[in-house]
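Since the structure comes first, as structure tokens, the remarks are kept for the end.
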């Protein structure tokens with residue numbers, strides 16, 4: 001309910017530090033467009049059901065709107081507006097030519113068959129087709145959506161183009177990213193968000209002169225992002241002591257065997273307990289005494305009500321908006337604490353989506369090693385740009401990231417004014 005207010009407050013703080021006028025600040029605190037549609041789908045049992053679909057477009061100053069589509073029962077206008085706003089900041093921090101958007105359908109996908117989800121995906125595109133396109137707005141997967149859903153949506157968009165005699169003017173393949181590789185997806189896209197976050201962790205540890213083997217990590221959320229982050233961190237020698245999913249969490253003081261857990265979760269999305277592993281709750285995971293806490297699930301999990309129980313000195317946000325403004329203020333009152341913001345830490349996904357878009361437009365595809373190398377370079381540059389702002393202005397990581405983004409957005413805004 002308060003996600004968009006959270007996003008606006010974050011922009012407000014950075015804008016005040018920059019000395020921006022109220023007029024300019026309002027430009028970045030409101031959205032260009034909010035699209036809300038009803039979609040009706042015929043279910044397998046013959047009955048019809050209605051769902052609410054959203055697409056919010058925040059800013060296209062730096063390039064086409066860009067942002068995922070999520071299928072989740074908690075999707076509402078407030079959430080989508082916030083996520084679109086954060087995406088504008090994220091793409092600006094990453095230094096890629098995109099703006100910010102987000103979409104979603106208020107649905108619990110676990111309650112519907114694949115055929116029903118296909119119909120929902122097709123209906124979503126039919127309602128939103130005139131607002132999206134490879135040079136207008138480029139959707140991607142998000143929570144509970146994947147390459148298969150992007151494939152269905154790409155096919156639906158291609159039909160829309162053919163029906164309206166636009167097939168020769170628009171590249172349907174380049175309208176969606178996160179597609180299966182055979183349909184124009186990029187190598188490395190599946191790993192990209194988690195890997196990008198791992199690159200940021202490595203850059204941070206280098207700056208702090210901390211040794212990998214001494215760092216303990218707890219990860220809340222073992223979906224695509226959290227599991228890949230865990231795997232890369234484990235392979236590099238970090239000690240991942242706890243992970244969780246929607247069913248609960250597991251903890252091992254001496255460190256979990258992430259290689260084994262990762263392989264198991266790919267099969268059945270379950271944690272298999274052995275004698276060295278202890279079951280704990282998601283709430284207990286957040287309160288563990290670790291060096292780095294990774295919230296990698298949904299927004300708003302760390303609030304003023306539970307942040308005082310967090311014992312980690314570093315929070316690295318792999319979810320979007322997991323820490324509220326009030327919680328961050330309380331957390332940072334103690335010395336030597338830092339929060340690496342989502343707009344930097346989880347930008348690996350949108351950067352690799354950008355790579356996919358470029359490959360689609362040029363019909364020139366890269367091997368995985370090239371994608372990872374390009375991603376590493378982008379993440380390193382973004383981290384160092386934010387670090388420089390933080391040190392120079394003696395501010396928090398988040399405010400530094402927002403200042404960097406706003407400076408780039410304002411430059412574009414003034415040039416076009």
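The values are calculated or read from the model by the stated rules, or taken from the named source; none is laboratory data. If you're wondering where the values come from, they're calculated on a predicted model, not measured in any experiment. We place every Cβ from the backbone using ideal geometry, glycine too, and count neighbours over all the protein chains shown.
Being touching a residue at least 12 places away in the same chain (Cβ under 8 Å) and farther than 17 Å from residue 6 by Cβ is the filter here, so list the residues in segment 389-412 that pass it.
Across segment 389-412, the qualifying residues are 389, 393, 395, 400, 403, 404, 407, 408, 409, 410, 412.
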- [ ] Hey, can you tell me all the residues within segment 263-307 that are within 22 Å of the chain's Cα centre (by Cα), modelled with pLDDT under 95, surrounded by 16 or more Cβ atoms within 10 Å (Cβ to Cβ) and part of a loop (DSSP other than H, G, I, E, B)?
- [x] 297, 298, 299, 300, 301
Task: Conditions (1) outside the structural domain of residue 224 (by TED's automatic domain parsing); (2) outside any helix (DSSP H, G or I); (3) buried (at least 23 other Cβ atoms within 10 Å of the Cβ): number failed by residue 364 - done: (3)
Task: Complete set of residues in segment 43-69 that are part of a loop (DSSP other than H, G, I, E, B) and farther than 14 Å from residue 101 by Cβ - done: 43, 44, 45, 46, 47
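Are any residues in segment 125-164 in a loop (DSSP other than H, G, I, E, B) and within 15 Å of residue 64 (Cβ to Cβ), and if so, which ones?
Here is the first cut: in segment 125-164, the residues in a loop (DSSP other than H, G, I, E, B) are 132, 134-136, 142-146, 164.
Across segment 125-164, the qualifying residues are 132, 134, 135, 136.
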Open item on the list: So for segment 327-341 (the condition being closer than 29 Å to residue 98 by Cα, modelled with pLDDT of 95 or more, out of contact with any strand residue (DSSP E or B) (no Cβ under 8 Å at 6 or more places or on another chain) and crowded, with 16+ Cβ neighbours inside 10 Å), does at least one residue qualify?
Closed with: yes
- [ ] Considering every residue within segment 210-219, establish whether at least one is modelled with pLDDT of 95 or more and under 16 Å from the mean Cα position of the chain (by Cα).
- [x] yes
Task: Evaluation of residue 16 against (1) crowded, with 16+ Cβ neighbours inside 10 Å; (2) out of contact with any helix residue (DSSP H, G or I) (no Cβ under 6 Å at 6 or more places or on another chain); (3) assigned to a helix (DSSP H, G or I) (one fails), failing number - done: (1)
TODO: Identify, by number, the condition in (1) crowded, with 22+ Cβ neighbours inside 10 Å; (2) part of a helix (DSSP H, G or I); (3) not assigned by TED's automatic domain parsing to the domain that holds residue 253 that residue 185 doesn't meet.
DONE: (2)
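Those residues that are part of a strand (DSSP E or B) and touching a helix residue (DSSP H, G or I) at 6+ places or on another chain (Cβ under 7 Å), I need them from segment 70-102; list them, please. Give the steps one after another, and end with the answer.
Of all residues in segment 70-102, those part of a strand (DSSP E or B) come to 70-72, 100-102.
The answer is 71, 100, 101, 102.
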- [ ] List every residue pair whose Cβ atoms lie under 8 Å apart, where the two residues are 6 or more positions apart in sequence or sit on different chains, the first residue falls within segment 55-76 and is under 21 Å from residue 223 (Cβ atoms), and the second residue, located anywhere, is at pLDDT below 95 and part of a strand (DSSP E or B).
- [x] 68/141; 69/141
TODO: Return only the number of the condition from (1) touching a helix residue (DSSP H, G or I) at 6+ places or on another chain (Cβ under 7 Å); (2) farther than 15 Å from residue 293 by Cβ that residue 255 does not satisfy.
DONE: (1)
Open item on the list: Among (1) within 30 Å of residue 73 (Cβ to Cβ); (2) at pLDDT 95 or above; (3) in a loop (DSSP other than H, G, I, E, B); (4) out of contact with any strand residue (DSSP E or B) (no Cβ under 7 Å at 6 or more places or on another chain), there is one condition residue 231 misses while meeting the rest; what is its number?
Closed with: (3)
